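I'd like to ask some things about the structure below.
The values are calculated or read from the model by the stated rules, or taken from the named source; none is laboratory data. The structure displayed is predicted, hence computed values, not measured ones. Counting neighbours? That spans all protein chains shown, and the Cβs are built from the backbone with ideal geometry, glycine included.
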Amino acid sequence: MNIVLLTIAPAFMTAGIYLLLKQFCLAFGPQYSRLKPALYTYIFVSCDVLSMILQGAGGALSAVADHGSELLDIGTDIMIAGLVSQVVTLFIFAVLAGDFFAAVYKHRGELTPPARQLMASGRFRAFVGAVVLSFLFVFVRCAYRIAELEGGWGSEIMRDEPEFVVLESA
């Protein structure tokens, strides 16, 4: 149950963040985005679903395998592939989001009055900062899971309780 929840939780967090970028594009102007706003949700949620399927399949294989068996190693490798795909997806999303916000900032004088007012709002900037921080926590956590599983089940990283509590709780 622990592994299932650790696998699924980040996908829900990132899905919300993907939806937010769509809304930011609509609020500030879709012309500043490299993708149509609706595509962020479809593309990135689909990639996260694929990642969860890989992680789930790998976890299922690992759960039924005997300790030290080849099936356990295959399951672990499939889980790692799912995690790597999730990290790559997050990185691509971060690049596109950064590109969008850089374009909005560059053209801030051309924004509509409501968009300029939103951009000037301290509450909105604090909200965006919290979203960015959440994204970074999920990104680091997924990268940590790759390192954690790379050493196999029961690796040193996996047994480091303080590190586990901090990075898996994010």
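Which condition from (1) surrounded by 15 or more Cβ atoms within 10 Å (Cβ to Cβ); (2) closer than 30 Å to E150 by Cβ; (3) of a type outside the set (D, E); (4) modelled with pLDDT under 95 is the one that M119 breaks?
So M119 meets the others, but not (2).
Criterion first (in contact with a Ser or Thr (Cβ under 9 Å, 6 or more places away or on another chain), loosely packed, with under 15 Cβ neighbours inside 10 Å and in a helix (DSSP H, G or I)) does D48 satisfy it? Walk me through how you get there before you give the answer.
On the way: in contact with a Ser or Thr (Cβ under 9 Å, 6 or more places away or on another chain): yes; loosely packed, with under 15 Cβ neighbours inside 10 Å: no; in a helix (DSSP H, G or I): yes.
The answer is no for D48.
Same structure again: Assuming F137 fulfils every condition listed in (1) surrounded by 13 or more Cβ atoms within 10 Å (Cβ to Cβ); (2) at pLDDT below 95; (3) over 30 Å from E70 (Cβ atoms); (4) more than 17 Å from the chain's Cα centre (by Cα) apart from one, which condition is it?
Evaluating F137 over (1) surrounded by 13 or more Cβ atoms within 10 Å (Cβ to Cβ); (2) at pLDDT below 95; (3) over 30 Å from E70 (Cβ atoms); (4) more than 17 Å from the chain's Cα centre (by Cα) leaves (4) as the failure.
State yes or no: is Y42 touching a helix residue (DSSP H, G or I) at 6+ places or on another chain (Cβ under 6 Å) and among the hydroxyl-bearing types (S, T, Y)?
Judged against the criteria, Y42 is not a match.
In segment 71-91, is there at least one residue being surrounded by fewer than 14 Cβ atoms within 10 Å (Cβ to Cβ) and either in contact with a strand residue (DSSP E or B) (Cβ under 9 Å, 6 or more places away or on another chain) or within 18 Å of L21 (Cβ to Cβ) (or both)? Show your work before the answer.
First, pick out the residues of segment 71-91 that are surrounded by fewer than 14 Cβ atoms within 10 Å (Cβ to Cβ): 71, 88, 91.
Cutting the leftovers down to either in contact with a strand residue (DSSP E or B) (Cβ under 9 Å, 6 or more places away or on another chain) or within 18 Å of L21 (Cβ to Cβ) (or both) gives us 88, 91.
Within segment 71-91, one or more residues are surrounded by fewer than 14 Cβ atoms within 10 Å (Cβ to Cβ) and either in contact with a strand residue (DSSP E or B) (Cβ under 9 Å, 6 or more places away or on another chain) or within 18 Å of L21 (Cβ to Cβ) (or both).
Now for a separate question. Please specify each residue of segment 39-62 satisfying the condition of being more than 19 Å from T14 (Cα to Cα) and touching a residue at least 40 places away in the same chain (Cβ under 8 Å).
Within segment 39-62, G59, S62 qualify.
Same structure again: Just the residues that are in contact with a Cys (Cβ under 6 Å, 6 or more places away or on another chain) and among the β-branched types (V, I, T), please, taken from segment 64-97.
Matches in segment 64-97: V87, T89.
Return the total of residues in segment 113-153 being hydrophobic (A, V, I, L, M, F, W, C) and not in a helix (DSSP H, G or I).
Matching residues across segment 113-153 total 1.
Yes/no per residue for (1) among the hydroxyl-bearing types (S, T, Y); (2) within 30 Å of G56 (Cα to Cα):
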residue	(1), (2)
V84	no, yes
T89	yes, yes
R116	no, no
A126	no, no
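Conditions tested, residue by residue: (1) of a type outside the set (S, T, Y); (2) touching a Leu at 6+ places or on another chain (Cβ under 9 Å); (3) in a helix (DSSP H, G or I); (4) at pLDDT below 95.
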residue: A38; (1), (2), (3), (4): yes, no, yes, yes
residue: T41; (1), (2), (3), (4): no, yes, yes, yes
residue: F44; (1), (2), (3), (4): yes, yes, yes, no
residue: L54; (1), (2), (3), (4): yes, yes, yes, yes
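Let me ask you something else. Are any residues in segment 12-35 of a type in the set (G, A, S) and either surrounded by fewer than 20 Cβ atoms within 10 Å (Cβ to Cβ) or without any contact (Cβ under 8 Å) to a residue 60 or more places away in the chain (or both), and if so, which ones?
Going through segment 12-35, the residues of a type in the set (G, A, S) turn out to be 15-16, 27, 29, 33.
Within segment 12-35, A15, G16, A27, G29 qualify.
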